[in-house]
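Here's the structure, in structure tokens; my notes come after.
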Amino acid sequence: MNPLPKSVYYDSDKQKSILQVPYDLIKAREILFGLVWKEIKARYRYAILGFLWAIIEPVTLMLLLLFVFSFVFKQRIPSTDRVEVPMATQILCGLIFWQYFSSSVSTATFSLINHQNLVKKVFFPREVIPLSSTIYPIVNLSIGFIFLLSVHLILQKTLSIHLFWLIIIFPILFTFSSGLGLILSTAHVHFRDIGNMVNVGLTFGFYASPVFYPLDWVRHACENHSLPYWFYYLYLLNPMAGILTNLRECILYGQAPQPFFLFYTIIISMLCFFTGIYIFRKQSATFSDYL
Amino acid sequence: MQEPIIELKNVTKEYPVRKGFRDLRGQGGFLDWIRGKKTENFRALDNINFDIYRGETVGIIGKNGSGKSTLLKIIAGVTLPTAGRIIVYGRVASLLELGAGFHPLLTGRENIYLNAGLLGMRKAQVNEVIEQIIDFSGIREFIDQPVDTYSSGMYVRIGFAVASFVNPEIFLVDEVLSVGDEEFQRKCRYRIGELREQGKTIVFVSHDLGTVNALCNRVFLLDHGKLIDRDSVSATIDFYLRQIGRAEGIHTITDETNNFEAIFSHGRISLFHSKREITSPLGIEGIAVHLQQGHISSMGDWTVTKREKGTLLARGSLYRLPLQWEWKTEISNNTLCLYPSYTLLKELPLQALEFQIFLPEIYDRFFYAGNEGNFSPILPGNLGWVTMTPPKMGENSTFIFCEHDNYPFLKVEFQSEDPGIYIRIGNTDYISRSRFISCHLLIPETSHLQKIGNHSIGILKISLVTKEEYNNWKFSWLQQRTIQLNFIEARLREGFIEFIDKNTMKPITQSVHFHTQFRIQGMWVPSQIFLWRTPYHEGHSWIMEGESQRFPIKLKWELTPASEIDCLHIKIGCEIKEEINIEEYNVSLGLIYSYNQWETSLEKGEFPAIPPQQEEYLHINKDYTPSKYICTTGINLPAVCLFTNQENLFRMSAINPDFSSRARIIQSIATPEQKAVFHLKPGYHLIFDGGIQFQHVNTHKQDI
């Protein structure tokens, strides 16, 4: 028997090194997509309505919000000086992207706990687990997005070339939620309070981000001095404000994204992502001790 | 020089001590974490160094909590050492994650893909072996059902099937063999054997020391996170046994001068010589047989009541019988003495008590009841126990030995005042692979041993002896049972006497040899089935005493040699305890087939050849008038005469037995003439007074 080539399968010294991450992830791509595929299959296998749920949920919420804003608070809605875009698509656009963000962050946070039998027993790059929970909701998002485009097309009869900005804006959303997911899942392993905090935080974020109202409303409120003006800048610190506004700009208004928001969200999401990768990698090797 | 496939360098693993909700607030909590305060840690592995080479099977043993699983986790890459480094040069699959990561809602097939992917297989590779995996799991008809409809057994089967087909170089096995049914366990063992044949590296954690011993090339013992590596597998296992002995309720008594130790553990005794176990893992145990069912002493609650340097007193009540053992064990002068006694809490129809001693397969020779022999090899087809020689009632000692320096000769002796003792030796089945020595004490019906109260049985002695001691013993054993005549020697056996021509050292008797038999109630009772004591001297005579188990008869043979004339005078007395009717009795001598002439005072003749179809004894002489002697001769054989000093009692007869015996028998038959039976009253009766005379070939003489 000729000696086999000495390939290192596992070296404990390299496990904590950040440089190892891309290499590991490339090697583990099949595991990553296997996990995503597993989630998709398991979720819809016994649901009669199947992928329709990806639409039913945001539409129901949209109709509810539309009812609330069109009839209950009708007089309070400030008129905008821009092209009229129906409230329905505005809300729908906010909702499907917010839902992507919130479901990926919350499932990522709990993902290590949910997959603890894997983490405790099998060796593979652990990044795969939270990443799979931020990739999997893309399926729902895509279905919702197609639905949004069809509704938009029916109501406005036009689609803008600026849709291609999505190629930049969506990755920003993805890296931001992945980064948050990595950080929060790491923290959740050590401090189980994080899970509850995330739930509270996401509910808070739902109202504190321009999900079911456009950003203009906040600006109007501040300009009308019903709120102090610094509040508006505080509000803008939330990267989701920038992301959702830019998404609306290019999907609904057919305009280029606002450059300030674009740069700000790119910086924040990158920062978030690399911090996430760093913290996760440093801690991941000993996850199994704490689960 | 082989290259290591797993390298561990100064590996240390510490676990933080976690304290529940205080994690966020109190000590070891969030604030401390931010301040960088260290909390106390539990050290699971302490500076472990070793290399594992390609193709090795390595066992890791140790008590619970000694760090075995942590070590396996570190090798599997599931967790990282706190300090030190581990490098693994090959794909690892651990059989510890059977079915881990199965999603209950997915089908078996989908889960195979998923699980194989987690173990590092590409989808294309899985496509190649998927059919084999399904076949191996043996649940093809359910493979497209979601796995939450599976039974737990099917779950494990499919997990194992995947793990064994992902074809990694290193397998980690963690106690996995203890789950699943018998068939699955066998399949697993078989598969592990196959993997070993294929040159895979296997790291194996188990409490089953037998399996570890059988499978592993090397064994690492972990003790509180430290690695203890003895040079050989068995030495490490011995050390481990010793170690658990110290920690738990297991007791050692030592004969320090001779390096002989006995370890008592819950109704089981294991023997060690020079730190090496000389009994097999089953050790020595006691069995109480009740209603055809054996109750093993280890199936009981044992407490050690007294323990000194060389003595141990242990009490144990069996779980399923109202019987309380009390074992007193002493060890000194290379001898382990077990004085078993028991207390019956209620009257119990016990049938027998047994003490079974299990020895490793390496012991391959025995000496029992005058026969020296080899144990047959234990083959995979041996499903039951095999007895090596027919057990002999009353034979209370045996030697077991082998030509191996590390295993001393053993003498097993079972002494009891109760007569129903015998020893059985043989092989166990292939799974246990041991030699057994089973010391039986039969308990007759209505014996006092079945009554309520305390009964002591006797002594079970196990001694380590040297080869010289054995040879001396064997010599004196034979000596004690041999009467030297001029050119004939008579060997006293259990209920018969064998005669040997000293010139040729060949026996001249065969078949029944010299014996006596009675007809009682229409049944022939030969002296061989009596229970015989060891012969002893009385003046010039030798006395053999045997007792019937069935009839109230005790035989006493008084043998007086007249060496110069090659004559052995024999007096057969019989002690009767109750009145008994004996219909007929005889004293016979079975000679080898070459004897062809016979002669009495009344007639003479030749023995005809025995035809193959002959199945019965055939009297050859015609005249049955009582006479004094019968002689036989053969070419180049000493003439043999069976004579009696009693007048008009014995008819002398020459007999051809059945074809299979192929012997010549001369017999003196006593039959009552007027009365139909000999009516014997209690007391001593002389029933035969006579002897056997030999004459050398050249000086053939007819008269005495």
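Readers should treat all values here as calculations from the given coordinates under stated rules, not as data from a laboratory. Quick caveat: nothing in here was measured; it's all calculated off a predicted structure. In this analysis, Cβ positions are derived from the backbone assuming ideal geometry, glycine residues included, and neighbour counts consider all displayed protein chains.
Can you tell me the dipole magnitude for the stretch B:481-699 around its Cα centre, using point charges on the Cβ only (Lys, Arg +1; Asp, Glu -1), in Debye to the nearest 20?
260
Helix B:233-247 versus the longest principal axis of chain B: what angle, 0 to 90°, nearest 10, using Cα atoms?
80
What pairs from A:LYS16/A:LYS41; A:LYS41/A:LYS120; A:LYS27/B:LYS200 go past 30 Å between their alpha carbons?
Over 30 Å Cα-Cα: A:LYS16/A:LYS41.
Computed FRET efficiency, Cβ-Cβ of A:HIS225 and B:ALA83, R0 51 Å: what is it to the nearest 0.05?
0.25
Consider a paramagnetic label point 7 Å from the Cα of B:VAL386 along Cα→Cβ; state which residues of the stretch B:426-466 have an amide N under 16 Å from it.
Answer for this model: B:426-437.
With the radius of gyration and the Kirkwood radius both derived from the Cα set of chain A, what is their ratio Rg to Rh?
Values: Rg = 21.3 Å, Rh = 20.8 Å.
With Rh from the inverse mean 1/r over Cα pairs, Rg/Rh is 1.02.
Gaussian network model of chain A, Cα springs within a sub-10 Å range: biggest mean-square fluctuation belongs to which of A:THR89, A:THR203, A:THR109?
A:THR203
Hey, rough spin-label estimate for B:MET299 and B:SER660, points 7 angstrom out along Cα→Cβ, what's it come to in nanometres?
The two pseudo-label positions are separated by 3.7 nm.
Please tell me which of these pairs span more than 23 angstrom C-alpha to C-alpha: B:LYS628/B:LYS681; B:LYS309/B:LYS451; B:LYS474/B:LYS556; B:LYS306/B:LYS467; A:LYS282/B:LYS13; B:LYS275/B:LYS392?
Beyond 23 Å: B:LYS628/B:LYS681; B:LYS309/B:LYS451; B:LYS474/B:LYS556; B:LYS306/B:LYS467; B:LYS275/B:LYS392.
Does the stretch B:322-386 come out rounded, prolate or oblate, given a ≥ b ≥ c as the square roots of the eigenvalues of its C-alpha gyration tensor, rounded meaning a/c under 1.5 and, failing that, prolate meaning a/b above b/c?
In terms of gyration-tensor shape, oblate.
Might you list the cysteines of chain B that have no disulfide-compatible partner by the rule of another cysteine's Cβ under 4.7 Å?
Cysteines lacking a close Cβ partner in chain B: B:CYS188, B:CYS216, B:CYS337, B:CYS402, B:CYS439, B:CYS567, B:CYS574.
For the protein assembly as shown, with only Lys/Arg (+1) and Asp/Glu (-1) charged at the beta-carbon, what is the dipole magnitude about the Cα centre, in debye rounded to 20?
The calculation lands at about 4000 debye.
Please name which of B:ALA116, B:ILE462, A:TYR264 has its Cα lying farthest along the dipole of the protein assembly as shown towards the positive end, using unit charges on Cβ (Lys, Arg +1; Asp, Glu -1) and the Cα centre as origin.
A:TYR264
Just how large is the dipole of chain B about the Cα centre, in debye to the nearest 20, putting +1 at every Lys and Arg Cβ and -1 at every Asp and Glu Cβ?
2340
For B:THR257 and B:ARG276, calculate 0.36 nm times their separation in residues minus their Cα-Cα distance, and state this gained length in nm to one decimal.
Gain on extension, B:THR257 to B:ARG276, equals 5.3 nm.
Jot down the radius of gyration and Dmax of the stretch A:156-230, Cα atoms only, both in angstrom.
Rg, Dmax (Cα atoms, Å): 17.4, 52.
How long is the gain from B:ASP148 to B:ARG550 if the chain were fully straight, where each residue apart is worth 0.36 nm and the alpha carbon distance is subtracted?
Extra length from B:ASP148 to B:ARG550 when fully extended: 138.1 nm.
Classify the stretch B:568-612: rounded, prolate or oblate, from the alpha-carbon gyration tensor (a ≥ b ≥ c, eigenvalue square roots; a/c under 1.5 rounded; otherwise prolate if a/b is larger than b/c)?
It comes out prolate by the Cα gyration axes.
Amide H of B:THR482 versus every other amide H placed in the peptide plane: which residues, excluding those fewer than 5 positions away on the same chain, fall under 5 Å?
B:LEU492
Can you compute the helix-only [θ] at 222 nm over chain B? Use -39500 (n - 2.57) per DSSP H run of at least 4 residues, normalise by all residues, nearest 500 deg cm²/dmol.
The helix-only estimate for chain B comes to -5000 deg cm²/dmol at 222 nm.
Assuming R0 = 45 Å, can you tell me the calculated FRET efficiency for the pair B:LYS474 and B:ASP623, based on Cβ-Cβ distance, to the nearest 0.05?
It comes to 0.45.
With a ≥ b ≥ c taken as the square roots of the eigenvalues of the C-alpha gyration tensor of chain B, please select rounded if a/c is under 1.5 and otherwise prolate if a/b is larger than b/c or oblate if it is not?
Prolate, since a/c reaches 1.5 and a/b exceeds b/c.
Measuring from label point to label point, each 7 Å out along Cα→Cβ, what is the B:TYR190 to A:VAL200 span in nm?
6.0
GluC sites (Glu not before Pro), restricted to the stretch B:353-430: which are DSSP loop and have at most 16 other Cβ atoms within 10 Å?
B:GLU361, B:GLU403, B:GLU417
What angle do you read, to the nearest 10 degrees and between 0 and 90, between the alpha-carbon axis of helix B:467-480 and the longest principal axis of chain B?
20
Multiply the residue separation of B:ASN486 and B:ASN127 by 0.36 nm, subtract the distance between their alpha-carbon atoms, and state the gained length in nm to one decimal. Show your work: numbers first, answer last.
Details: separation 359, 0.36 × 359 = 129.24 nm, distance 8.81 nm.
This chain segment gains 120.4 nm when fully extended.
Need the list of lysines near A:LYS38 for cross-linking: C-alpha distance under 18 angstrom, and skip anything on the same chain fewer than eight residues off.
Qualifying lysines at Cα under 18 Å: B:LYS123.
Kirkwood Rh, the stretch B:481-699, all Cα pairs: how many Å?
17.6
Rounding to the nearest 10 and keeping the result within 0 to 90°, find how far the Cα-based axis of helix B:108-118 lies from the longest principal axis of chain B.
Roughly 70 degrees between the two axes.
Would you mind getting me the FRET efficiency between B:ILE635 and B:GLN614? Use the beta-carbon distance for r and R0 = 35 Å, nearest 0.05.
Working: r = 23 Å, r/R0 = 0.65.
After rounding to 0.05, the efficiency reads 0.95.
For the modelled label position 7 Å from the Cα of B:ASN374 along Cα-to-Cβ, which residues of the stretch B:428-459 have backbone nitrogen atoms closer than 17 Å?
B:435
Write down the Å³ per residue value for the convex hull defined by the alpha carbon atoms of the stretch B:439-531. Mind showing how you got there, number by number?
Numbers: hull volume 14.8 nm³, N = 93.
Per residue, the Cα convex hull of the stretch B:439-531 comes to 160 Å³.
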